[in-house]
Structure formats: C-alpha cells, structure tokens
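Structure first, commentary second.
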Amino acid sequence: MLIFSRGKGESIMIGDDITITVLESDDVQVQIGINAPGRAVVLKEEIYRRVLETGKGELIENCQTG
C-alpha cells in the first residue's frame with residue numbers, strides 16, 4: 001500500500017488517465033474527487049464487496065460509468 005499526504009486541491013495520478021483530488025478535509029473525513037475514463041468502474045469498497053457477495057460480479061465487469 002502506498003501512503004500519500006495531500007492537501008486540499010492536491011492530486012494523485014494513477015497511470016495517465018485517473019486523477020484523485022482532495023476536495024475537502026477535516027478531522028473526521030476527507031472528500032475526494034475521481035476523474036477517470038468511462039470504461040473505469042469506480043465504486044466504494046463496501047458496494048464492490050456487496051456486489052461480489054450477491055453473485056452479481058458480472059455487473060461490475062459490464063458497468064460503464066461516466
């Protein structure tokens with residue numbers, strides 16, 4: 001696992017086409033924005049795991065975000 005320190009307005013790049021930007025942060029939570037191509041599936045971990053547990057993992061493979 002990589003650990004980064006980023007402040008409001010700062011970003012992390014994943015490859016050439018995914019950017020994660022810190023939008024807001026306080027002592028309790030961080031809001032991030034994710035800019036990714038439409039073919040990338042972006043889900044919260046708990047949603048991703050629920051989809052896999054219900055046997056609907058193929059939905060993730062076929063999902064298009066945008």
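Note on region 30-66: residues that are open to solvent by 100 Å² or more (accessible area, probe 1.4 Å) and at pLDDT below 65 amount to 4. Of the residues that make up region 3-11, is at least one modelled with pLDDT of 95 or more and under 12 Å from the mean Cα position of the chain (by Cα)? No: region 3-11 contains no residue that is modelled with pLDDT of 95 or more and under 12 Å from the mean Cα position of the chain (by Cα).
The values are calculated or read from the model by the stated rules, or taken from the named source; none is laboratory data. Since we're looking at a predicted model, the values are computed, not measured. Surface accessibility is based on the protein's heavy atoms, side chains included, excluding ligands, DNA and RNA. Shrake-Rupley method; radii C 1.70, N 1.55, O 1.52, S 1.80 Å.
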